[in-house]
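Report on one structure; see the data block that follows.
Laboratory data are not the source of any read-out in this text; all were calculated from the coordinates shown. Predicted model, so just to flag it, every value in this text is computed and none were measured. When we count neighbours, we look across all protein chains shown, and the Cβ atoms used for this are built from the backbone with ideal geometry, even at glycine.
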Amino acid sequence: MANVTLVLGGARSGKSRFAESLILKTNKNPVYIATAEAHDEEMRRRIRQHRFRRDINWKTLETPLELIRDINNEGGENRIILVDCLTLWLSNLMIYKRDIAYQSEGLLYLLKEVRSDIVLVANEIGLGIVPECRLNREFRDYAGQLNQGIAAIADTVYFIVAGLPLILKG
């Protein structure tokens, strides 16, 4: 069975950089599944910064919606997959009016069967105040439920604060 790692943290906490460092410690072929969409210049700049950190040995897929399909297609014994990030994937699912519960359950099922080691990055957004807007509360709830489901399955869970990893599980 493959190793599943979850890397949680707040915005700009260093979670992506830390997740990339975990991948680089292996001798497996890295696959980067990026869920962000560049809707404005600021997001295009962020995506460029992430790309700049990776060398040509990384295979990169831009997957705003079809995460389950691409994890399934890219799995293999000598591969390690990095998904960055689940929070943006959930946001995309909401924007495109996909069935979030169905997609989340599908991802959790796949993670129990995945053939590749996999590192998943997600924001921990439940530490602040209760959002005033219903849509924001739904988003927070979906993210919290997905993070809990993956953490239950994961072999290792890290929480990144100010670039420093705290081991929550493993």
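Within straight-line reach of K97, meaning a Cα separation under 15 Å, sit the following aspartates and glutamates at least 8 residues removed in sequence or on another chain: E66, E138. Check the straight Cα-Cα distances from K59 and name the aspartates and glutamates below 16 Å, setting aside those fewer than 8 residues away within the same chain. Candidates past the 8-residue exclusion: E20, D70, E74, E77, D84, D117. Think of it as helices only: each DSSP H run of n ≥ 4 in the chain is worth -39500 (n - 2.57), and spread over all residues that comes to -14000 deg cm²/dmol at 222 nm.
In the chain, a dipole from Cβ-located charges (positive for Lys and Arg, negative for Asp and Glu) runs towards its positive end, and of L93, I129, A34 it is A34 whose Cα lies farthest in that direction. Among the listed options (1) 1.10; (2) 0.97; (3) 1.04, the one matching Cα Rg over 2.2 N^0.38 Å as calculated from these coordinates is (2).
For the chain, the relative contact order comes to 37 percent (Cα pairs under 8 Å, sequence separation of at least 6). Computed from the C-beta positions of C133 and N27, the FRET efficiency with R₀ = 41 Å rounds to 0.35.
Remark: spin-label model distance R54-N3 equals 2.0 nm, labels positioned 7 Å along the Cα→Cβ axis.
Taking the DSSP beta bridges with both ends in the chain, the antiparallel portion is around 15 percent. Normalised by the number of residues in region 85-166, the average gap of Cα pairs under 8 Å and 6 or more apart makes the relative contact order 33 percent. If R₀ is 35 angstrom, what is the calculated FRET efficiency for the pair R46 and A152, using the beta carbon separation as r and rounding to 0.05? Efficiency computed from Cβ-Cβ geometry: 0.70.
Each of the peptides 92-104, 142-154 was scored by the mean count of other Cβ atoms within 10 Å over its residues; in descending order, highest first, they stand as 142-154, 92-104.
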